[in-house]
Every structure is written in C-alpha cells, then in structure tokens.
Amino acid sequence: MIFIYFVPFFFNQQQFNESKEAVMKRPALFLFHSTVFIFFLSFQAHAGKIYSWTDENGVKQYSNTRPGEGAGDIDVMDETPGDPRHSDKNRERQKLINNLKSHNEAADEERKAEEEERDAKKAEEKEQARKEIAPKVEAEKNRLLEEIKMYENRAVGPTFSLALKNSLIKKLKDKLALLEASPEKYFESNTEQ
C-alpha cells in the first residue's frame with residue numbers, strides 16, 4: 001500500500017525523471033505524496049506482529065520476535081498500539097489498585113498480629129489456669145487413687161458382688177483418666193452432677 005503513490009516513478013529512469021519534474025512543479029501534490037508516504041512509514045514502524053505458540057513443556061508463549069524453528073504451530077496477530085489518552089487512566093487505575101493492595105496487606109498484617117497476640121494471651125491464660133488448678137488436680141487424683149485402692153481391698157460378699165466391685169473401680173479409673181487428660185472438663189462434669 002505504501003508504494004501505490006510511487007510505483008509509477010520506478011518503471012524506468014526517463015519516466016522517473018519526467019515524473020519528478022512534474023511533481024516538483026506542483027508543490028501541493030508533492031507535499032501530499034510525501035505526507036502519505038511518511039504516514040504509512042510511521043504506521044508500519046509502529047505496527048508489529050505478536051507471535052504465539054506452545055512450547056515443548058505445553059506452556060503458551062507470546063513474543064514480538066519470531067520464535068525459532070522448533071516452535072511448532074505459530075499464530076500471528078497484528079499488534080495494535082495503545083491509545084495514549086487511556087494510558088493516564090490506566091496509570092491512575094493501577095495506582096488505585098496498588099494503594100488498595102498495600103492497604104489490604106497492611107490490614108492483613110495487622111489482623112495477623114492481633115490473632116497472634118490473642119493466641120499468645122489465650123495460651124498464657126490456659127497455662128495460668130493449669131498452674132492454679134494443679135494443687136486441686138493433685139488432691140483429686142490422690143482421692144480417686146485412695147478410693148480405687150479401698151474398693152480393690154474390699155472383700156466380696158452378699159451385698160458387694162464382684163461385678164459391682166469391678167464396675168465401681170472402672171468408673172473411678174475412667175474419672176482418673178479424664179482428670180489427667182483434661183482437668184477442666186473433669187471439674188465441669190463433677191459440678192454438673
């Protein structure tokens with residue numbers, strides 16, 4: 001398309017010289033042809049090609065330079081230059097997005113710090129509660145062991161059968177296991193009964 005205006009000039013030297021003189025006599029026509037030629041050159045210089053292909057790893061690749069021979073099927077698209085009026089809007093939009101991201105990251109870090117602080121406080125409270133309850137747990141453990149020992153030493157008779165003896169000992173051992181595993185639950189369940 002670039003050469004449409006200049007093709008007649010290149011047929012032979014004589015025609016070229018005659019056409020050149022004719023064009024120089026009419027400056028407006030020369031100016032028009034020059035403007036059209038420069039316009040097409042500048043358009044051609046900015047308009048490029050975008051190549052896309054799938055590489056040997058199955059990854060879709062894009063480039064403005066033609067890939068090597070091992071690229072396989074290559075799709076070619078015309079590159080369209082961006083509108084400079086939209087670049088300011090895009091920059092503003094990107095700046096807003098970046099501000100929102102940084103705000104969200106700061107809020108996430110703050111939330112994470114608060115959660116860590118809360119977890120540390122809970123762990124400290126739990127440890128403090130364990131320390132406070134430790135004497136009570138030890139006393140209850142000794143009481144249960146004494147009660148188990150008492151039932152183990154008690155003789156079986158008409159009012160105290162072997163099944164009743166084993167049942168009571170099992171209940172006490174279950175209570176002891178719960179006390180050792182979770183003292184809070186043990187004391188909660190005993191206060192409810």
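No lab work stands behind these numbers, since they all come straight from the coordinates. Fair warning: this is a prediction, and the values are worked out from it, not measured in the lab. When we count neighbours, we look across all protein chains shown, and the Cβ atoms used for this are built from the backbone with ideal geometry, even at glycine.
Tabulated data
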read-out: Within straight-line cross-link reach of Lys175, lysines at Cα separation under 24 Å, skipping those fewer than 8 residues along the same chain; value: Lys126, Lys131, Lys136, Lys141, Lys149, Lys165, Lys185
read-out: Stretch gain in nm, segment Lys60-Ala163, where the contour uses 0.36 nm per residue and the Cα spacing is subtracted; value: 29.5 nm
read-out: Residues of type lysines that Lys60 reaches as a straight line, Cα spacing below 25 Å, ignoring anything fewer than 8 places off in the same chain; value: Lys49
read-out: Total formal charge among the other residues, if their Cβ is under 13 angstrom from that of Ser52, Lys/Arg +1 and Asp/Glu -1; value: -2
